[in-house]
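Notes for the one structure printed next.
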């Protein structure tokens, strides 16, 4: 059964980062989405309409990129199905600087044959970096799909390994 979608996104801001601009969106209940934005999308978001969820996310993301934060403590309003939310919760349990396979995530949520479904849940992850889908790799150790591109995935993993 689908959980109701997050409330209408009323709040937004852009954050410049070492991996390119990020667009942050929030509702009155929490952070709803982080998008890898191109520069024109980021400029379009310069008319910020922030709330406390956006402000806290920006502060914590800046700390992460500076190497001073390994765990995020944010209020999320992420929507998704029960299965997706279970995958996303498991992703947030992957320790900073470590990687696991899709199959390992599937096993950890009690669905050992659902590695492909885990991949689809990763693909629908509305909170990259916060919900660290970049820490999930192929069973052979290869870097596989990532919404921000494999170069960004590699950068995030290298950043975490250097910071750890």
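Only the coordinates and a few stated rules stand behind these numbers; no lab work does. In this text the structure is predicted, and so the values were computed from the model without any measurement. Reconstructed Cβ throughout: ideal geometry from the backbone, glycine too, with neighbour counts over all protein chains shown.
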How much of the DSSP beta bridge set in the chain is antiparallel, as a percent to the nearest 5? 80
Expressed as an acute angle from 0 to 90° and rounded to the nearest 10, what is the orientation of the C-alpha long axis of helix 150-163 relative to the principal long axis of the chain? 90
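Any idea what the alpha-carbon Rg over 2.2 N^0.38 Å comes to for region 65-109?
1.30
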Residue 50-residue 111 FRET efficiency (beta carbon distance; Förster radius 41 Å; 0.05 resolution): 0.60
In degrees, nearest ten, helix 52-65 long axis to first principal axis of the chain (Cα): 60
With N residues in the chain, Rg(alpha-carbon) / (2.2 N^0.38 Å) equals 1.01
Comparing 124, 116, 69, which has the greatest mean-square fluctuation in the GNM of the chain with Cα pairs linked when under 10 Å apart? 116
Please report the relative contact order for the chain, taking Cα pairs under 8 Å with a sequence separation of at least 6, and give it as a percent rounded to a whole number. 21
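What does the convex hull of the Cα atoms of region 82-163 come to per residue, in Å³, rounded to a whole number? Could you put the intermediate results ahead of the total?
Values: hull volume 6.3 nm³, N = 82.
Expressed per residue, the convex hull around the Cα atoms of region 82-163 is 77 Å³.
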Along the Cα-to-C-beta direction of residue 142, a point sits 7 Å from the Cα; which residues of region 93-116 have their amide N less than 14 Å from that point? 102
What nm value, rounded to one decimal, do you get for the distance between residue 29 and residue 62 when each label is placed 7 Å out toward the C-beta? 2.9
